[in-house]
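First comes the structure, then the notes that go with it.
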Amino acid sequence: MKLKILPVLLAVLLLGGCTSTNNSTQDNSKDLTYKQISMNEAVELMESETNYIILDVRRSDEFASGHIPNAINIPNENIGDNEITELPNKDQLILVYCRSGNRSKQASAKLVKLGYTNIVEFGGINDWNGEIEK
């Protein structure tokens with residue numbers, strides 16, 4: 001009888017330990033998210049919202065060759081652990097894009113780690129059908 005109780009007690013202890021570890025990890029991961037939307041959804045947001053930033057995270061030479069009107073350029077490679085003076089309001093809606101969508105995902109994740117709370121990634125300028133500014 002005593003041998004049957006020991007495995008049950010061990011299982012309870014192990015499950016209890018796993019549960020508390022998972023909860024703390026899960027709580028931290030909630031803070032590390034950004035929203036991904038399609039190009040069409042981004043265009044709709046740009047038409048309906050007023051207080052937002054369009055962030056182009058391509059290199060400066062790519063930005064100079066053509067970008068979405070009113071976008072600002074902060075290359076993905078320049079986003080690290082330091083505060084970004086061009087983005088002072090961490091709660092402002094920031095729409096992030098690059099060329100094809102890879103760097104914008106990387107940059108969005110880094111921005112969230114820096115404490116930005118309203119990051120929306122919408123892919124790359126390759127899918128942009130609107131006006132291009134040079």
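Is it the case that some residue within segment 74-82 is open to solvent by 30 Å² or more (accessible area, probe 1.4 Å) and within 21 Å of residue 39 (Cβ to Cβ)? Walk me through it before giving the result.
First, the residues of segment 74-82 that are open to solvent by 30 Å² or more (accessible area, probe 1.4 Å): 77-78, 80-82.
With within 21 Å of residue 39 (Cβ to Cβ) added as a condition, the list becomes none.
No, because not a single residue in segment 74-82 is open to solvent by 30 Å² or more (accessible area, probe 1.4 Å) and within 21 Å of residue 39 (Cβ to Cβ).
I'm trying to understand the selection: among the residues of segment 54-66, which are free of Cβ contacts under 8 Å to residues at least 60 places away in the same chain and either touching a helix residue (DSSP H, G or I) at 6+ places or on another chain (Cβ under 8 Å) or open to solvent by 30 Å² or more (accessible area, probe 1.4 Å) (or both)?
Of everything in segment 54-66, those that are free of Cβ contacts under 8 Å to residues at least 60 places away in the same chain and either touching a helix residue (DSSP H, G or I) at 6+ places or on another chain (Cβ under 8 Å) or open to solvent by 30 Å² or more (accessible area, probe 1.4 Å) (or both) turn out to be 54, 55, 57, 59, 60, 61, 63.
Condition (residue is at pLDDT 95 or above and either open to solvent by 30 Å² or more (accessible area, probe 1.4 Å) or assigned to a helix (DSSP H, G or I) (or both)) applied to segment 14-34: is it met by at least one residue?
Yes; the residues of segment 14-34 include at least one that is at pLDDT 95 or above and either open to solvent by 30 Å² or more (accessible area, probe 1.4 Å) or assigned to a helix (DSSP H, G or I) (or both).
If you take the residues in segment 54-93 that are of a type in the set (A, V, I, L, M, F, W, C) and over 14 Å from the mean Cα position of the chain (by Cα), which one is farthest from residue 106 (Cα to Cα)?
Filtering segment 54-93 for residues that are of a type in the set (A, V, I, L, M, F, W, C) and over 14 Å from the mean Cα position of the chain (by Cα), the one farthest from residue 106 (Cα to Cα) comes out as 64.
Quick one: count up the residues across segment 86-130 that are in contact (Cβ under 8 Å) with a residue 60 or more places away in the chain, surrounded by fewer than 23 Cβ atoms within 10 Å (Cβ to Cβ) and part of a strand (DSSP E or B).
2
Need pairs with beta-carbon distance below 6 Å; first residue under 13 Å from residue 120 (Cα atoms) and within segment 39-53, second in a helix (DSSP H, G or I) and charged (D, E, K, R); sequence gap 6+ or separate chains.
39/127
The values are calculated or read from the model by the stated rules, or taken from the named source; none is laboratory data. This one's a predicted model, so the numbers in the text were calculated from it and none came from an experiment. Counting neighbours? That spans all protein chains shown, and the Cβs are built from the backbone with ideal geometry, glycine included. Calculation scope for accessible area: heavy atoms of the full protein, side chains included, ligands and nucleic acids excluded. Shrake-Rupley method; radii C 1.70, N 1.55, O 1.52, S 1.80 Å.
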